[in-house]
Every structure is written in structure tokens, then in C-alpha cells.
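This is the structure, below, for whatever I ask next.
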Amino acid sequence: MKVLVINSGSSTIKYQLIEMDTEQAVAAGRVERIGYDDAQHQHLVAPGVLPHKPDGYEFREVAPVLDHTAAIRRVLAALTHREIGVVRDATEIAAVGHRVVHGGEKLTRSVRVTEEVKREIRATFDLAPLHNPANLLGIEATESLLPGVPQVAVFDTAFHATMPRVAYLYALPYVIYKRHRVRRYGFHGTSHRYVSRRLGELLGRPSLEGLNVVTCHLGNGASVCAVKDGRSVDTSMGFTPLEGLIMGTRSGDVDPGALPYIMAREELTPAELNSMLNKHSGLLGISGISGDFREIEEEMERGDSRAREAFEMFEYRLRKYIGGYAAAMGGLDAIVFTGGIGENSWRLRGAIVRNLAFLGLELDEDANVAGRGERRITTEGSRASAWVIPTNEELVIARDTLATVQEAEPAAIPGR
Ligand code: ADP
């Protein structure tokens, strides 16, 4: 059985077709610059899927793509193509899972897409104006092209719905929460959920009951999550993805009192302030070089002092969050690193683990630097452990999609 996973952004759609028996992606790709004459479609077929292309197959096409419907039409055409298609026709796609960034307070688990669910997603547009409208465009485009195929929405915020009120309320006038839903929601939930569950499997404790875990999703966006007994009890992103860690181009935590001051001094509009905080801050803002962690490390190696400062600030902020979450949970049993930085930067992981030795972590240098893929990077004797677990959000979306569709079916047939 195959599930199509779609991540629809405002001008880009990423997708994977996953064979659920093996949980492997048989094809994947992206359509970029939707709405432009020079949109680009990149499509990959995994090795071993097509008998006549044993090493896999890749194509790139540049062509006008008018809108999201046209983009998904191209995706379906590639998946069902006469020569390089991985399914005979679209009826082989059992269900479609969509990443939706914001579920608000009501959509707190993966759900089958219905008119009511779409209304609820629309009701969260003002909470995630850059993401949710684009996510819904992808859903509606898929509905129109694959009528009758069940669609499931999987929310980035959902894993954090278990946060207690002390963690999610801001100390603003309560009416601001009641009137405008301003509270902490958290994001990257699908990734935090995947790596924490996977850690449970690796530890032989699938429920994670009794364990205090901190998962660090460190990519262009970055967040930390406190996972107690398998549930998110706190996370560093808040009302928007801007709160918390230093990121590629986002500031993370800043004294809110500095913001009206900066606005007045620089004569910024709210939109310009938002742009400064989201696009011109973080590693890029500090270093003046780049928001890309790898480039920061390269420049640091060459002796650039601002790149070094950006690295050190990133590490310091992350370390404070991990320590804070150990305090919030009353202990620390394991840390997980994931995302492009967490999976690849041995320098950052090494610094974090060494600097947190007081929490019972002892770094295994070899495993950290020379190891590959999923692994433990602390010694056998280390009281707490640290791990690298590559994330797989698409797989979580596909699994949730299948589970949601299957659980919905018996209910629809009374007496079965
Ligand atoms: P996104 O959040 O957009 O999905 P990723 O999870 O792919 O992004 O993470 C991108 C980040 O990972 C970038 O800052 C990039 O520089 C960093 N990164 C990727 N590979 C390495 C590496 N080998 N060493 C250090 N940083 C890396």
C-alpha cells in the first residue's frame, strides 16, 4: 500500500511516495517556483524500484507551473509515467498525508480532511499566515485531482498539545490569550515525536515512561523539546517559530522591550521588524556572513571571530535550554540531536555534551566524530546518554495517514 506525503509551501511543493510495507520512499521530489514561468520540477525514483533502472532515476524539468493544482498534476504525471512511473495509475495511491504547520488549539492530532477540518485550518490562517494558507492550497489541489482518495492532515503543533498551562501561557494579560489565542504552541512536533519514539525503540523502552528526554531539532529553523514520559511538556518555539534558539536567520529569544525601542529608532513598520527578526538575524545577523551553519563552521576554522561568536552563541543558547528543561522535568536521561546541524555537526554536539558533563554526560569522541547515522555518542559508562537520530518527518506523516484512514474505516461501516 502506498501513501503520498505532501508538504505544500507558498511556492514549493515537496513530496514522497512511501511504500508502507517497507516504509521506504519509492519516489520523491519537489516543484519549486510555483506561479512562475520557470518553475522547476525535480523527481527521483529510488534505486531498485524500476527493473529497467536498477540504480534509480532522476529528472529535472523547467516549465511554467501556474498554481498548486498544476504542480500536483505534474507530480501525479511523474508518479504514473509510462516509462518511469512507480505506480500504474493514481488508484494505487491509497491515501495522501499533508503536513500542516498550525493546528491551533483544536486540531491536536492527525485527522482525516473534511469540510469541517478545512474550516478549522482556515481559522488558524492568522496564526500561521505564511504556512497554513499554502498547506490548504495543497490539500484542495490534491482533492480536486484525486477525488475519493482519503486525505489526512498532520500538524506540526500537535505533539506539543500535551504541554501544561504553565509552559504554554505567556505572562501577558489573560485577556490577550482568550481574545487572540496568543500562547505558546511550538512547532517541529512531527520531528520531535519521531526522534523521541525512535529513541524509545533504541533504548528498549518504547513508551519512554519514566524517562526525561530533550530532543534538539537543529536545522535552518531550530527548536528543543522536553519530552517527559514520551509526551512534550515544553518546547522552545512559541506563538511563532521565532522564539527560543538562535537559528539561521531568526533571532530566537530577545527582550521584548527592545523591540519597540528598535522600531522607533530605526523607524520600522511591524512588517519590517518581523522581517529583521526572521530573515536578517540569528547566525546571519551575528556573523554578517551566512545563516548556514556549515559556512559558519568553515569561516570559524579560517579564523573569523564573528563566525566563532555566532557558533558560541548558538551553542550557549542551546545549552541553556537543555539545562532549563532538565530543571523543568526534574532530571535528564537522554539528549537527541537531529536536523541538518544536529545530524552533521560533530563540533556542536561535542561542545554541548562536554559542557553538560555535570548532568552526567560523557562524550564518546569516536562515535561523535567518526560514526555515521543513527547512534549513541556517549560512553557505555555515561549516566545520561546522547544520541544522533536522523529525523524522518515524511515517514511519521505516512504512518499517521495510514493509521487515521484505517481507524476511520470500521466506524463508517456499522456493525463490522
Ligand atoms: P531545514 O530546516 O531547512 O530542513 P536542514 O535540517 O537541512 O534544514 O538543516 C540545514 C542546516 O544544516 C544548515 O545550517 C546547514 O549548514 C546545516 N548542515 C548541513 N550539513 C552540515 C554539516 N556537514 N556540518 C554542519 N552543518 C551542516
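The values are calculated or read from the model by the stated rules, or taken from the named source; none is laboratory data. Since the model is a prediction, treat every value here as computed from it, not as a measurement. No Cβ is skipped: glycine too gets one built from the backbone with ideal geometry, and neighbour counts run over all protein chains shown. Heavy atoms of the whole protein, side chains included, go into the accessibility calculation; ligands, DNA and RNA do not. Shrake-Rupley method; radii C 1.70, N 1.55, O 1.52, S 1.80 Å.
I'd like to check something: does the stretch 306-321 contain any residue that is within 30 Å of Glu209 (Cα to Cα), within 14 Å of the ligand (Cβ to nearest atom) and surrounded by fewer than 20 Cβ atoms within 10 Å (Cβ to Cβ)?
Yes: the stretch 306-321 contains one or more residues that are within 30 Å of Glu209 (Cα to Cα), within 14 Å of the ligand (Cβ to nearest atom) and surrounded by fewer than 20 Cβ atoms within 10 Å (Cβ to Cβ).
Here's another thing I want to ask about it. Residue check, Phe59 against (1) open to solvent by 20 Å² or more (accessible area, probe 1.4 Å); (2) in contact with a helix residue (DSSP H, G or I) (Cβ under 9 Å, 6 or more places away or on another chain); (3) within 20 Å of Val149 (Cβ to Cβ); (4) not hydroxyl-bearing (Ser, Thr, Tyr), all met but one. Which one?
(3)
Output yes when any residue across the stretch 332-347 is in contact (Cβ under 8 Å) with a residue 60 or more places away in the chain, polar (S, T, N, Q) and open to solvent by 30 Å² or more (accessible area, probe 1.4 Å), and no when none is.
For the stretch 332-347, residues in contact (Cβ under 8 Å) with a residue 60 or more places away in the chain, polar (S, T, N, Q) and open to solvent by 30 Å² or more (accessible area, probe 1.4 Å): absent.
Got a sec? Which strands (runs of 3 or more DSSP E) wholly within the stretch 2-82 have at least 1 residues that are under 26 Å from His102 (Cα atoms) and modelled with pLDDT of 95 or more?
Filter on the stretch 2-82 gives 2-8, 13-19, 24-32.
Can you confirm whether Asp364 is under 26 Å from Gly210 (Cα atoms), touching a residue at least 24 places away in the same chain (Cβ under 8 Å) and charged (D, E, K, R)?
No; evaluated as a whole, the condition is false for this residue.
Any residue at all in the stretch 289-301 that's more than 14 Å from the ligand (Cβ to nearest atom), surrounded by 15 or more Cβ atoms within 10 Å (Cβ to Cβ) and closer than 20 Å to Lys320 by Cβ?
Scanning the stretch 289-301 turns up no residue that is more than 14 Å from the ligand (Cβ to nearest atom), surrounded by 15 or more Cβ atoms within 10 Å (Cβ to Cβ) and closer than 20 Å to Lys320 by Cβ.
Now for a separate question. Looking only at residues in the stretch 170-185 that are assigned to a loop (DSSP other than H, G, I, E, B) and among the charged types (D, E, K, R), which one is most open to solvent (accessible area, probe 1.4 Å)?
Among those that are assigned to a loop (DSSP other than H, G, I, E, B) and among the charged types (D, E, K, R), it is Arg181.
Every residue, every condition in (1) away from the ligand (no atom under 16 Å from the Cβ); (2) farther than 16 Å from Val224 by Cα, yes or no:
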residue: Gly331; (1), (2): yes, no
residue: Gly373; (1), (2): no, yes
residue: Glu380; (1), (2): yes, yes
residue: Leu395; (1), (2): no, yes
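Now for a different question. Which pairs turn up if I take residues in the stretch 287-307 that are of a type in the set (Gly, Ala, Ser) and look for partners that are in a loop (DSSP other than H, G, I, E, B) with beta carbon separation below 6 Å, at least 6 apart in sequence or on another chain?
Filtered contacts from the stretch 287-307: Gly291/Gly248; Gly291/Thr249; Ala307/Ile289.
How many residues are outside any helix (DSSP H, G or I) and of a type in the set (A, V, I, L, M, F, W, C) when one looks only at the stretch 112-149?
7
Among the candidates Ala153, Ala141, Ala128, Ala167, single out the residue that is open to solvent by less than 30 Å² (accessible area, probe 1.4 Å), over 17 Å from Ala226 (Cβ atoms) and in contact with a strand residue (DSSP E or B) (Cβ under 6 Å, 6 or more places away or on another chain).
Within the list Ala153, Ala141, Ala128, Ala167, the selection yields Ala153.
I'd like to know if the stretch 334-353 contains one or more residues that are touching a Cys at 6+ places or on another chain (Cβ under 9 Å), within 14 Å of the ligand (Cβ to nearest atom), of a type in the set (Ser, Thr, Tyr) and not in a helix (DSSP H, G or I).
Looking for residues that are touching a Cys at 6+ places or on another chain (Cβ under 9 Å), within 14 Å of the ligand (Cβ to nearest atom), of a type in the set (Ser, Thr, Tyr) and not in a helix (DSSP H, G or I), one finds at least one in the stretch 334-353, hence yes.
Pick from Ala90, Ala78: which is surrounded by fewer than 21 Cβ atoms within 10 Å (Cβ to Cβ), of a type in the set (Gly, Ala, Ser) and at negative phi?
Ala90
Which of the residues spanning the stretch 354-371 are within 14 Å of the ligand (Cβ to nearest atom) and either among the aromatic types (Phe, Trp, Tyr) or open to solvent by less than 50 Å² (accessible area, probe 1.4 Å) (or both)?
Matches in the stretch 354-371: Asn368, Gly371.
Can you find even one residue in the stretch 384-403 that is open to solvent by 70 Å² or more (accessible area, probe 1.4 Å), part of a helix (DSSP H, G or I) and modelled with pLDDT under 95?
For the stretch 384-403, residues open to solvent by 70 Å² or more (accessible area, probe 1.4 Å), part of a helix (DSSP H, G or I) and modelled with pLDDT under 95: absent.
Let me ask another. Within the stretch 269-290, identify whether any single residue is under 30 Å from Leu202 (Cα atoms) and either of a type outside the set (S, T, N, Q) or touching a helix residue (DSSP H, G or I) at 6+ places or on another chain (Cβ under 7 Å) (or both), and answer yes or no.
The answer is no, given that none of the residues of the stretch 269-290 is under 30 Å from Leu202 (Cα atoms) and either of a type outside the set (S, T, N, Q) or touching a helix residue (DSSP H, G or I) at 6+ places or on another chain (Cβ under 7 Å) (or both).
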